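*Asks:* The structure that follows is given in the form of structure tokens.
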Amino acid sequence: DVKVTQSSRYLVKRTGEKVFLECVQDMDHENMFWYRQDPGLGLRLIYFSYDVKMKEKGDIPEGYSVSREKKERFSLILESASTNQTSMYLCASSLIGTDTQYFGPGTRLTVL
Amino acid sequence: GENVEQHPSTLSVQEGDSAVIKCTYSDSASNYFPWYKQELGKRPQLIIDIRSNVGEKKDQRIAVTLNKTAKHFSLHITETQPEDSAVYFCAAKVVGTASKLTFGTGTRLQVTL
């Protein structure tokens, strides 16, 4: 059974702080994704990675960066958190050659 | 890039009735169309998907139809039950984009007793 975990379920940070959100999957998936989920806007792709040290911008990459140093771990970084980054962040992974994405439980981030 | 529109944003049906959620996509190169269900407080999970070489797919009470000419696809749930209450997301994948999905904005389905 695929397991995708995220480091925190809830996180509260202050404006200007550097924030790290971590995602780990245990199924040796090559592809990993970061989305943010906002009411009425659905799931919007921030960044994705199809291999270690590889990354591609999604639809809303501004204000975010990512790191993938190991295959199982994909980190989302908010260099200087702002209030408009308050959101639910979802990580997902998929096996190369397949299209099914498996999601983590999400991190609800509040930036004050 | 790909754009996916989803309607309606909310849908309320009585238990036992059918529910239909519709999505349109913009990129004719899209070839994969999954549907995810997200129950309250839970993670999204794939419930059914369809590829562009198929017009319809069924899995028990759930079916998905695809009209490539019109660039739209729909989710049909028959004999709805309270446990079908959730937010449903459609998505589309453009061929050759490494499993990158573009999601619709979601439909909140409420099944009332």
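Computed from the coordinates by the stated procedures, all read-outs in this text should not be read as laboratory data. These figures come from a predicted structure and were not determined experimentally. Please note: Cβ atoms are built from the backbone with ideal geometry, for glycine as well, and neighbour counts cover all protein chains shown.
*Asks:* Between rounded, prolate and oblate, where does chain A land on the alpha carbon gyration tensor, with a ≥ b ≥ c its root eigenvalues, rounded for a/c under 1.5, else prolate if a/b exceeds b/c?
*Replies:* The shape class here is prolate.
*Asks:* Report relative contact order for chain A in percent, whole number only (criteria: Cα-Cα under 8 Å, sequence separation at least 6). Present the calculation step by step, with values, prior to reporting the outcome.
*Replies:* Values: 297 pairs, mean separation 40.7, N = 112.
Once normalised by length, the contact order is 36 percent.
*Asks:* Can you tell me which lysines have their Cα less than 18 Å from the Cα of A:LYS70? Leave out same-chain residues fewer than eight positions away.
*Replies:* A:LYS3, A:LYS53, A:LYS55
*Asks:* Considering every residue in B:94-106, what mean count of other chain Cβ atoms within 10 Å of its Cβ is obtained? Provide the component values of the computation, followed by the final result.
*Replies:* Values: counts 0, 0, 0, 2, 12, 16, 11, 9, 6, 8, 2, 7, 6.
Whole-number average of other-chain Cβ neighbours for B:94-106 is 6.
*Asks:* Please express the shape of chain B as an equivalent ellipsoid: the semi-axes are the square roots of 5 times the eigenvalues of the C-alpha gyration tensor, given largest first in whole angstrom.
*Replies:* The equivalent ellipsoid of chain B has semi-axes of 24, 14, 12 Å.
*Asks:* Taking the Cα centre of chain A as origin, work out the dipole magnitude from +1 charges on Lys and Arg Cβ and -1 charges on Asp and Glu Cβ, in debye rounded to 20.
*Replies:* 400 debye
*Asks:* Using a Debye calculation, one point per C-alpha and no hydration shell, please list log10 I(q)/I(0) for the stretch A:35-89 at q = 0.20 Å⁻¹ in order.
*Replies:* -0.74
*Asks:* What Cys residues in the protein assembly as shown have no fellow cysteine's beta-carbon under 4.7 angstrom?
*Replies:* Taking the Cβ cut-off of 4.7 Å, the protein assembly as shown has no unpaired cysteines at all.
*Asks:* For A:LYS71, go through the aspartates and glutamates and keep the ones whose alpha-carbon is under 17 Å away, minus same-chain ones fewer than eight residues off.
*Replies:* Cross-link targets: A:GLU22, A:ASP26, A:ASP28, A:GLU30, A:ASP51, A:GLU56.
*Asks:* How crowded by other chains is A:89-99, given as the mean number of beta carbons from other chains within 10 Å of each beta carbon?
*Replies:* 3
*Asks:* Given a Förster distance of 45 angstrom, what is the FRET efficiency for A:LYS18 paired with B:GLN60, based on the Cβ-Cβ distance and rounded to 0.05?
*Replies:* 0.45
*Asks:* Where the eigenvalues come from the Cα gyration tensor of the stretch B:62-113, what are the semi-axes √(5λ) of the equivalent ellipsoid, largest first, in whole Å?
*Replies:* The answer is 26, 14, 8 Å, longest axis first.
*Asks:* Whose amide H sits under 5 Å from the amide H of A:TYR47, counting only residues 5 or more places off or on another chain, with H placed in the peptide plane?
*Replies:* The answer is A:TRP34, A:GLY58.
*Asks:* Mind checking which of B:THR112, B:HIS72, B:ALA19 is farthest towards the positive end of chain B's charge dipole, using Cβ charges of +1 (Lys, Arg) and -1 (Asp, Glu) about the Cα centre?
*Replies:* Among B:THR112, B:HIS72, B:ALA19, the one farthest towards the positive end of the dipole of chain B is B:HIS72.
*Asks:* Taking the square root of 5 times each eigenvalue of the Cα gyration tensor, what semi-axes in Å does the equivalent ellipsoid of the protein assembly as shown have, largest first? Don't skip to the end; give the middle numbers.
*Replies:* On the way: eigenvalues 174, 83, 49 Å².
Taking √(5λ) for each Cα gyration eigenvalue gives 29, 20, 16 Å.
*Asks:* Continuing with the same structure: Taking 4 °C and 1.567 mPa s as the conditions, I'd like the Stokes-Einstein D for the stretch B:1-50 in µm²/s, using the Kirkwood hydrodynamic radius from alpha carbon pairs.
*Replies:* Here the translational diffusion coefficient equals 99 µm²/s.
*Asks:* Report the relative contact order of chain B, percent, no decimals, based on alpha-carbon pairs under 8 angstrom and at least 6 residues apart. It would help to have the intermediate numbers written out before the result.
*Replies:* Working: 287 pairs, mean separation 41.7, N = 113.
It comes to 37 percent, rounded to a whole number.
*Asks:* Next up: Residues with amide H under 5 Å of A:MET27's amide H, sequence separation 5 or more or different chain, H placed in the peptide plane at 1.01 Å from N; which?
*Replies:* Those lying under 5 Å, H to H, from A:MET27 are A:LYS3.
*Asks:* So how far apart, in nm, are the two label points at B:GLN81 and A:ILE96 if each is 7 Å from Cα heading toward Cβ?
*Replies:* So the two model labels end up 4.0 nm from each other.
*Asks:* Also, I was wondering about something else. Taking neighbour Cβ counts within 10 Å as the exposure measure, how do B:VAL20, A:VAL66, A:VAL111 sort from fewest upward?
*Replies:* B:VAL20, A:VAL111, A:VAL66
*Asks:* Could you grab the relative contact order for the stretch A:50-112? Cα pairs under 8 Å, six or more apart, rounded to a whole percent.
*Replies:* 26 percent
*Asks:* Check B:ALA91: other-chain or 5+ apart residues with amide H under 5 Å from its amide H, H built from backbone geometry?
*Replies:* B:GLY104
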